[in-house]
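A.B. asks: Let me give you the structure first, and then I'll get to my questions.
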Amino acid sequence: MKYEVVIGLEIHLELQTSSKLFCGCSTIFGREPNSNCCPICLGLPGSLPVFNRRAIELAVAAALALNSDVQEKSRFDRKNYFYPDLPKAYQISQYDQPLARGGYLQIEVDCASRIINLERVHLEEEAGKLIHSSESIMGSDYSLVDYNRAGIPLLEIVTAPDITSGREARLFLDDLRSVLLYSGASDCKMEEGSLRCDANISLRPAGSDELGTRAEVKNMNSFRAVELALNYEAGRQEEILAAGGTVIQETCHWDEERKKTIPLRSKEGSSDYRYFPEPDLLPLVLESTFIEEISAALPELPPARRKRLKEQYGLDASEAALFTFNRSLGDFFEAAAARYNQYANLAKWVQGDLLYYLRESGKNVEEVEPQKFVDLLTLLDKGDINRPVAKELLSEIVLSGTSPQKMIRDKGLGRISGDEQLLPIVEKVIAENPDAIENYRQGKEKAMAFLVGRVMALTGGRADPGEANKLLKEKISRK
């Protein structure tokens, strides 16, 4: 029997605020363990939560960027469960009245568009962090708890079960991260835990509408790990079903080292969390003008930018995707394009040599002045320098920011042309290569290419090859 893979994702996004969701504790990453804590985020008796307005603004911005319907009235609930990283033994979250409902993201899969629908977007507080004595919880003798993260504003984005493979999940996450970065809601740094993803995956007979029993997969610390974990789990479930077994509802841990999912515990249902309205918080009521102002302040989002880059500059799909995904690189390209209208050539240099030298030097593209880059390309177009010299200059522009004109003057890197400069070099090449001269006279055109190459070598690539070719032929014909 053939099976279809059905995947839904739960993405947890730490919002980019300076203080926590219900208290004034810092959200700065990497502080001494348990130093960013107070009675409120630790849930000590007598403490009361207070809304962080900035967190609500960022949550609304993210929801609008994802085409979700922001609710004018939502409510917070207590989600009750016991785990060492949850100091209150409950989490303030949203259940039946979330911040936003619905939404979607359009992605490209194998040159075809796919709509991945969202079920909800809601706010909640972050839990703490377990620090294991070994690489993972599976092989650890003990775990320590750091509550610095507890109470950081968290946005949970829940997709519909619309994803059909691990690869599709990874592509969705790539595009989702891009949208969230553009919205300004989060820095999306997976290495710091500010973007995490859990997945629910099940199999069903091909053509069936009925969902199978799902497993939840956790501990996926990169988008690549999401793809690998979901593909493995799909294969594991298929083996069980093919053998006549039954998939049970459970939570699985992705073991990055062994590249396999490991069942941990039975999976809870929503009733196990005993949700009830948070008694210490009033319902969250947003005025329509508040939502409209945030919507108006949103920047151009990735789907619109990709489309505009192709239409305005004639970029192909891969170039538009790169300059959209790498926002800073795209901003640099557009700043340079405002001064230099050879867009195809500009795109080639930006995504090629410039990106290479940035990676080699460890510099950011924001450190390079677009005008100096344009000056370099203009000098190359005019023939004042050749391509090898242009690359040498670009490397220096990235490293030191020096203008190309100054480097040409200081290092004498300009184009060597004209009889006065080239003739002595041409005569030297003719004198040193009599065999090549004879071969050329016998009609062997490759000999001329060799002679021009010698001129270029003697001038460090700075000679005008056309003029060198012309002078060589003139001098040889007179002998």
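The values are calculated or read from the model by the stated rules, or taken from the named source; none is laboratory data. Please read all numbers here as calculations on a predicted model, not as lab measurements. Here the Cβ positions follow ideal geometry from the backbone for every residue, glycine too, while neighbour counts run over all protein chains shown.
A.B. asks: Go through 215, 225, 169 for me and flag whichever is touching a residue at least 60 places away in the same chain (Cβ under 8 Å), surrounded by 19 or more Cβ atoms within 10 Å (Cβ to Cβ) and out of contact with any His (no Cβ under 8 Å at 6 or more places or on another chain).
C.D. replies: Details: 215 fails: touching a residue at least 60 places away in the same chain (Cβ under 8 Å); 225 fails: touching a residue at least 60 places away in the same chain (Cβ under 8 Å).
Testing whether each residue is touching a residue at least 60 places away in the same chain (Cβ under 8 Å), surrounded by 19 or more Cβ atoms within 10 Å (Cβ to Cβ) and out of contact with any His (no Cβ under 8 Å at 6 or more places or on another chain) leaves just 169.
A.B. asks: Quick one: residue 149 ticks every box in (1) touching a strand residue (DSSP E or B) at 6+ places or on another chain (Cβ under 6 Å); (2) of a type in the set (Lys, Arg); (3) over 30 Å from residue 271 (Cβ atoms) bar one, so which box is it?
C.D. replies: Of (1) touching a strand residue (DSSP E or B) at 6+ places or on another chain (Cβ under 6 Å); (2) of a type in the set (Lys, Arg); (3) over 30 Å from residue 271 (Cβ atoms), only one is false for residue 149: (3).
A.B. asks: Confirm whether residue 274 is surrounded by fewer than 15 Cβ atoms within 10 Å (Cβ to Cβ), within 27 Å of residue 82 (Cβ to Cβ) and in the same structural domain as residue 59 (by TED's automatic domain parsing). Walk me through how you get there before you give the answer.
C.D. replies: On the way: surrounded by fewer than 15 Cβ atoms within 10 Å (Cβ to Cβ): yes; within 27 Å of residue 82 (Cβ to Cβ): yes; in the same structural domain as residue 59 (by TED's automatic domain parsing): yes.
Yes, satisfied.
Residue-wise test of (1) small (Gly, Ala, Ser); (2) crowded, with 19+ Cβ neighbours inside 10 Å; (3) touching a helix residue (DSSP H, G or I) at 6+ places or on another chain (Cβ under 6 Å); (4) closer than 30 Å to residue 346 by Cβ.
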residue	(1), (2), (3), (4)
211	no, no, no, no
236	no, no, no, no
239	no, no, no, no
252	no, yes, no, no
258	no, no, no, no
263	no, no, no, no
289	no, no, no, no
301	no, no, yes, yes
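A.B. asks: Which of (1) farther than 30 Å from residue 465 by Cα; (2) under 19 Å from the mean Cα position of the chain (by Cα) does residue 351 not meet, given it meets every other one?
C.D. replies: (1)
A.B. asks: Of a type in the set (Ser, Thr, Tyr), assigned by TED's automatic domain parsing to the domain that holds residue 248 and closer than 28 Å to residue 64 by Cβ: is that true of residue 213 in this structure? Lay out the reasoning, then the answer.
C.D. replies: Values: of a type in the set (Ser, Thr, Tyr): yes; assigned by TED's automatic domain parsing to the domain that holds residue 248: yes; closer than 28 Å to residue 64 by Cβ: no.
Answer is no for this residue.
A.B. asks: Just checking, how many residues over the stretch 247-301 are touching a Ser or Thr at 6+ places or on another chain (Cβ under 8 Å), assigned to a strand (DSSP E or B) and of a type in the set (Lys, Arg)?
C.D. replies: Count: 1.
A.B. asks: Still on this structure, I have one more. Quick check on my filter: what residues within the stretch 432-479 are over 54 Å from the mean Cα position of the chain (by Cα) and under 30 Å from residue 392 (Cα atoms)?
C.D. replies: 432, 433
Okay, residues lined up against (1) at pLDDT below 95; (2) surrounded by fewer than 19 Cβ atoms within 10 Å (Cβ to Cβ); (3) closer than 24 Å to residue 19 by Cβ:
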residue: 64; (1), (2), (3): no, no, yes
residue: 72; (1), (2), (3): no, yes, no
residue: 77; (1), (2), (3): no, no, yes
residue: 89; (1), (2), (3): yes, yes, yes
residue: 100; (1), (2), (3): no, no, yes
residue: 111; (1), (2), (3): yes, yes, no
residue: 114; (1), (2), (3): yes, yes, no
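A.B. asks: Sticking with this structure for a sec: Could you say which residue among 50, 6 is assigned to a loop (DSSP other than H, G, I, E, B) and of a type in the set (A, V, I, L, M)? Please lay out each step first, then the result.
C.D. replies: Details: 6 fails: assigned to a loop (DSSP other than H, G, I, E, B).
Result: 50 is the single residue among 50, 6 that is assigned to a loop (DSSP other than H, G, I, E, B) and of a type in the set (A, V, I, L, M).
A.B. asks: Can you name the residue in the stretch 303-322 that is surrounded by 13 or more Cβ atoms within 10 Å (Cβ to Cβ) and among the aliphatic types (A, V, I, L, M) and is also farthest from residue 352 (Cα to Cα) among such residues?
C.D. replies: 309
A.B. asks: Next question, about the same structure. So which of 293, 300, 319, 287 ends up being over 30 Å from residue 89 (Cβ atoms) and without any contact (Cβ under 8 Å) to a residue 24 or more places away in the chain? Give the steps one after another, and end with the answer.
C.D. replies: Numbers: 300 fails: without any contact (Cβ under 8 Å) to a residue 24 or more places away in the chain; 319 fails: without any contact (Cβ under 8 Å) to a residue 24 or more places away in the chain; 287 fails: without any contact (Cβ under 8 Å) to a residue 24 or more places away in the chain.
Going through 293, 300, 319, 287 in turn, the sole match is 293.
A.B. asks: Residue check, residue 450 against (1) modelled with pLDDT of 80 or more; (2) of a type outside the set (Lys, Arg); (3) surrounded by 18 or more Cβ atoms within 10 Å (Cβ to Cβ); (4) out of contact with any Ser or Thr (no Cβ under 9 Å at 6 or more places or on another chain), all met but one. Which one?
C.D. replies: Result: residue 450 fails condition (3) only.
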